[in-house]
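Notes follow once the structure below has been shown.
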Amino acid sequence: MKVFDNTTKKIFLASWVSINQAETSDHKATQLNRSISKPYWDILQPLRQRVENIQVRDRQLAHRLCKLIPSQCPFERDVKLFGKTLFHIPPMCKLNPLYEEVVGLRFRALCYLADECGEDVSQYC
């Protein structure tokens, strides 16, 4: 009894399965059109746009933004007792629905200070 004889029959049978490319591409296109046509309304979209539209053109504003927006999540902690870690509190900043926009605003402020004003921004890192 050879293993080769038993496996080739199964592979041979599976190779006869064919998929019509025209049917699958039409099916995918209709699925995409259905998902695009669904009405989607984001409640926070106006607030996101407002934060994205803030332009950093003032040195004092850039410094204030870099001081107010932390570079790392301030809520992440290791709770220790007698030198042993009891549990870890994960960073909760990613739960904030405006996290990406706020971090982007801080990055724009840092870039303004470094590129336009020529200041050293290592104190904010």
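Can you pull out every residue in the range 56-69 that is part of a loop (DSSP other than H, G, I, E, B) and surrounded by 11 or more Cβ atoms within 10 Å (Cβ to Cβ)?
Val56, Asp58, Ile69
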Query raised in the report: Across the range 70-125, what is the number of residues that are open to solvent by 50 Å² or more (accessible area, probe 1.4 Å), among the hydrophobic types (A, V, I, L, M, F, W, C) and either touching a His at 6+ places or on another chain (Cβ under 7 Å) or assigned to a loop (DSSP other than H, G, I, E, B) (or both)?
Result: 4
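The values are calculated or read from the model by the stated rules, or taken from the named source; none is laboratory data. Remember, it's a predicted structure, so these values are computed and weren't measured experimentally. Methodologically, a virtual Cβ is constructed for each residue, glycine included, from the backbone with ideal geometry; neighbour enumeration extends over all protein chains shown. Ligands, DNA and RNA are excluded from the accessible area calculation, which covers all protein heavy atoms including side chains. Shrake-Rupley method; radii C 1.70, N 1.55, O 1.52, S 1.80 Å.
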